[in-house]
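Read the structure below first, then the notes.
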Amino acid sequence: MDFRSLLAHGAIATALVATTATAQVPGPAANSDVYGHVGIGTLAPNRSALLDLTGTDVGLLIPRLTTTQRNAIALPAKSLLIFNTDANEFQYNWGTPGAPDWRPILDGANAGNTAWILTGNNGPFTDGTNNLLGTNAGAGDRQVNIQANGQRTIRLVPNATSPTIIGGFSGNTASGVGITIGGGGQAGNLNSASNDFGTIGGGYGNTINSFGSSGTIGGGEMNTVSQLSGTVGGGSQNTASGPGSTVGGGVQNTASQTQATVGGGRENTASSVRSTIAGGYQNDATGDYSTVAGGDNNDADGDHSTIVGGDNNEAEGAHSFIGGGLNNDTDGDFSTVAGGDDNDAEGNYDFIGGGQENTTAGGEHNAIVGGVGNTITPNDGGTITSSIIGGGDDNRIQSFPGSDVSVATIGGGSANIIESDDNAVTAASTIGGGDNNGIYNSGAATIAGGRGNVITSELDVVDYYPGNSIGGGTSNFIGPGDGGFAAMNTIGGGNENSIRANGGLIEKSTIGGGESNFIRAGIAPQTSNTIGGGFDNTVDQSDYATISGGNTNMIDGGNGSAIVGGQNNTVTGDNSMAFGNGANVSQDNSVVFNHTTGTPTRLGVAANDPQVAMDVNGGLAVRNASVSFPVGASPKVLNVTVGDRSYIRIASDGVACTGFGCVAAGTGTTQRSITLTSGNQVGQVLVIECVETAAGDGFRVLDTDTNVNTNILGPVYSMQNEDTLILMWNGTNWIEVSRSNN
């Protein structure tokens with residue numbers, strides 16, 4: 001027996017001696033039991049172990065091979081274990097002897113290269129084939145469920161096109177590819193997506209139905225997407241039922257047309273293509289591209305219409321706009337109501353800035369800035385364009401059948417009216433303010449303010465009634481009386497002043513102010529008359545006549561005449577003037593200064609405080625009229641027309657005097673004879689001067705015939721060169737005052 005055998009027998013003996021009652025019965029081999037279990041470092045190997053290694057200061061050393069050495073093992077057994085010194089890891093053959101597949105035994109150092117570890121991996125997981133978490137292809141769909149606390153939290157459903165991810169309640173359902181349910185759901189209110197690429201972020205009771213491909217519900221409760229690419233961001237009971245439609249949130253909102261949007265709020269409905277409701281309550285956007293920003297019970301009916309906010313507003317016209325307020329309405333295309341209450345913009349491009357119960361009932365480009373109860377109304381076929389009411393209350397711009405109003409303006413005030421009827425045209429007329437003022441059928445007419453002022457015209461010829469103006473005051477009037485036309489006339493103000501045409505044309509006339517002043521035309525046209533002011537003054541059927549002021553003055557048919565002032569003056573002559581009190585001028589080209597009572601009328605010429613009827617401080621000149629005997633005329637009696645003259649120079653004809661009228665004078669010459677016409681007025685003074693054209697070629701003044709109206713000293717007065725005779729008319733005859741033989 002060699003030394004090794006002795007050691008073995010000794011070991012066996014020692015083991016037998018040390019075996020307790022509970023140890024295994026020794027086997028035939030050293031350190032083995034009867035079952036063939038081998039123990040190293042123990043005489044009683046554990047019955048459950050084929051090899052039991054026991055020690056307190058040693059370990060098991062696995063064969064150490066390089067990768068080359070490992071690969072050189074012939075037909076390595078399946079599960080053969082080595083330590084690869086190149087990879088610095090334990091490896092085992094997962095394959096077969098004929099087709100080895102060496103795989104590492106995972107530990108904290110190398111697990112991150114082939115598996116996921118609890119503390120996280122550091123490897124480059126980029127290729128999507130070898131570095132992945134999940135199941136490999138095989139029979140069935142091989143879904144992946146992720147659980148927490150024994151409950152499924154996420155289910156990953158593979159698909160050849162796009163996988164589906166289902167989170168939240170285990171009863172959430174997805175029918176299609178590429179679907180994502182992030183979470184949420186509960187018993188009786190699960191989240192469900194029934195078409196491809198649908199997304200539900202969370203919440204409960206949310207549904208993307210079978211028509212909702214690529215639909216999205218961010219969260220909330222009981223929301224529905226029922227069309228392609230519809231979106232509900234959240235909220236409760238919202239519905240996106242139009243292709244590409246969106247409901248951001250809120251409660252019971254609906255976006256039911258292509259790319260319609262409801263941002264939030266409650267019970268809002270966007271039911272037209274690309275319509276939008278930002279929020280609010282029970283708003284409707286029923287026109288394509290229409291918008292309601294907020295408020296409640298607003299309705300944007302017109303295409304591209306907009307309502308910013310307010311309550312019960314309705315934008316019916318295309319591209320119309322309502323800024324806010326209550327019960328406002330835009331019927332016209334491109335019309336606007338900025339705010340206020342019960343305003344209605346019915347015409348295209350009309351504008352109402354605010355106020356209450358204002359209406360633009362038709363036409364185009366009309367505006368009411370504000371106020372109460374103002375209206376712009378074309379009636380029964382009339383038209384109104386580009387007209388404005390600035391504010392106030394109950395102001396009206398209106399037209400009637402066949403008539404037109406354009407560019408008319410009422411700035412404000414109360415119950416003012418601009419009107420056109422019976423086929424008339426009223427253009428560019430303005431009432432600045434006041435109350436109960438009216439412009440009727442008048443173009444370019446203006447009433448700045450005041451009360452009860454009226455400008456009106458007849459309807460026959462448009463060109464005959466533009467440009468009349470009343471600056472203000474009360475109950476002033478420009479227009480026709482019994483027919484006629486008024487144009488470019490002005491009343492500056494005052495009370496009950498009137499410029500009136502009675503059958504003809506009156507134009508370019510002015511009343512500056514005052515009260516009860518009157519300019520009137522008859523059948524013939526009248527122009528450019530003026531009353532500056534005062535009371536109860538009248539210009540009647542005259543041209544270029546002027547009354548500066550005063551009271552109860554009249555120019556009647558006196559063209560170019562004037563009354564400077566005073567009272568009770570009358571001028572009927574042309575180019576005449578009166579002033580003072582009670583002057584009456586019936587002659588043409590006359591000036592009368594009169595005073596009927598009290599202090600006598602006095603005139604100072606370059607003289608202050610005259611004490612006589614006329615006080616002249618300076619020279620007084622009387623201009624002459626020149627008269628000649630007709631050459632060769634016979635008889636040689638010249639009847640001189642005196643008229644309104646006071647100085648007449650009489651010359652002979654320069655030839656011998658023969659025949660009737662020639663009388664031998666005491667000087668040995670033969671003189672001609674003159675007679676005079678009657679004077680114009682008692683007291684008229686006449687100076688007669690003889691002008692000889694040749695020596696002794698004078699004339700004589702007769703007082704020898706009952707038919708002669710001269711009463712001089714002696715039967716005749718023979719006058720030579722530069723002799724003068726002064727006469728005065730007494731109503732019957734020219735009475736000699738003086739003579740001068742020069």
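Cβ under 11 Å from Asp394's Cβ, Asp394 left aside: what net charge do those residues give with Lys, Arg +1 and Asp, Glu -1? It would help to have the intermediate numbers written out before the result.
Working: positive: Arg396; negative: Glu357, Asp393, Asp435.
Residues close to Asp394 contribute a combined charge of -2.
Report, to the nearest 10°, how far helix 3-18 tilts away from the longest principal axis of the Cα atoms in the chain, using its own Cα long axis and a range of 0 to 90°.
For 3-18 against the chain, the angle is about 80 degrees.
Assuming R0 = 51 Å, what is the FRET efficiency of Ser210 and Ile105, from their Cβ-Cβ distance, to the nearest 0.05?
Details: r = 51 Å, r/R0 = 1.00.
The calculated FRET efficiency here is 0.50.
What distance in nm lies between label points placed 7 Å from Cα along the C-beta direction at Ala87 and Ser626?
15.1 nm
Would you mind telling me the antiparallel percentage of the DSSP bridges in the chain, rounded to 5?
20 percent
Using amide H atoms built in the peptide plane, which far-off residues or other-chain residues are under 5 Å from Tyr289 H to H?
Result for Tyr289 returns Val273, Arg274, Ser275, His304.
If you plug each phi of segment 400-411 into the Karplus form 6.51 cos²θ - 1.76 cosθ + 1.60 with θ = phi - 60°, what whole-Hz ³J(HN,Hα) values come out, in order, with x for Gly and Pro?
Here the 3J(HN,Hα) series is 10, x, x, 9, 9, 10, 9, 6, 8, 9, 10, x Hz.
The list [x] 40.8; [y] 74.7; [z] 37.6 gives values of mean projected area of the Cα convex hull in nm², and only one came from this structure; which label was calculated from it?
[y]
Per 0.36 nm of contour for each residue apart, how much would the distance between Asn730 and Asn159 grow if the chain were fully extended, relative to their Cα-Cα spacing?
Additional length available on full extension: 191.6 nm.
Using modelled backbone amide H atoms (1.01 Å from N, in-plane), which distant-in-sequence or interchain residues come within less than 5 Å of Ile431's amide H?
Correct list: Thr409, Ile410, Gly411, Ile447.
Would you work out the charge dipole size for the chain about its Cα centre, treating the Cβ of every Lys and Arg as +1 and the Cβ of every Asp and Glu as -1, and quote it to the nearest 20 debye?
3040 debye
For Arg672, Arg451, Arg152, Arg64, what's the fewest-to-most ordering of other Cβ within 10 Å of each Cβ?
Working: Arg672 21, Arg451 18, Arg152 14, Arg64 11.
With the sparsest Cβ surroundings first, the list reads Arg64, Arg152, Arg451, Arg672.
Run the helix sum for the chain: -39,500 (n - 2.57) per DSSP H stretch of 4+ residues, divided by residue count, reported at 222 nm to the nearest 500 deg cm²/dmol.
After summing the helix terms and dividing by the residues of the chain, the value is -1000 deg cm²/dmol.
Per residue of segment 412-417, in order, report the coupling 6.51 cos²θ - 1.76 cosθ + 1.60 (Karplus, θ = phi - 60°) as ³J(HN,Hα) in whole Hz, putting x for Gly and Pro.
Ordered by residue, 3J(HN,Hα) equals x, x, 9, 6, 7, 9 Hz.
Calculate one ³J(HN,Hα) per residue across segment 450-456 by plugging θ = phi - 60° into the Karplus curve 6.51 cos²θ - 1.76 cosθ + 1.60, and present them in order as whole Hz with x for glycine and proline.
Karplus-based 3J(HN,Hα) across segment 450-456 equals x, 9, x, 7, 9, 10, 9 Hz.
Determine the gain in length on full extension of the stretch Ser48-Leu80; use 0.36 nm per residue of separation and subtract their C-alpha separation, reporting nm with one decimal.
Full-extension gain reported as 9.5 nm.
Which Cys residues of the chain have no other Cys Cβ less than 4.7 Å away and so no disulfide-compatible partner by this rule?
Cys with no partner Cβ under 4.7 Å: Cys690.
In the chain, with Lys and Arg counted as +1 and Asp and Glu as -1 at Cβ, which of these residues, Asn149, Gly248, Ala260, has the Cα nearest the positive end of the dipole, that is, farthest along it?
Farthest towards the positive end: Asn149.
When only C-alpha pairs under 8 Å and at least 6 residues apart count, what is the relative contact order of the chain, in percent?
2 percent
For Leu80, which sequence-distant residues (separation of 5 or more, or a different chain) have an amide H within less than 5 Å of its own amide H, given hydrogens modelled in the peptide plane?
Asn93
Once you place label points 7 Å from the Cα toward the Cβ at Val612 and Asp422, how far apart are they in nm?
Computed distance between label sites Val612 and Asp422 equals 6.3 nm.
What's the magnitude of the charge dipole for segment 495-553 around its Cα centre, counting Lys and Arg as +1 and Asp and Glu as -1 at the beta-carbon? Answer in Debye, nearest 20.
120 debye
Computed from the coordinates by the stated procedures, all read-outs in this text should not be read as laboratory data. Being a predicted model, the structure only gives us computed values, none of them experimental. When we count neighbours, we look across all protein chains shown, and the Cβ atoms used for this are built from the backbone with ideal geometry, even at glycine.
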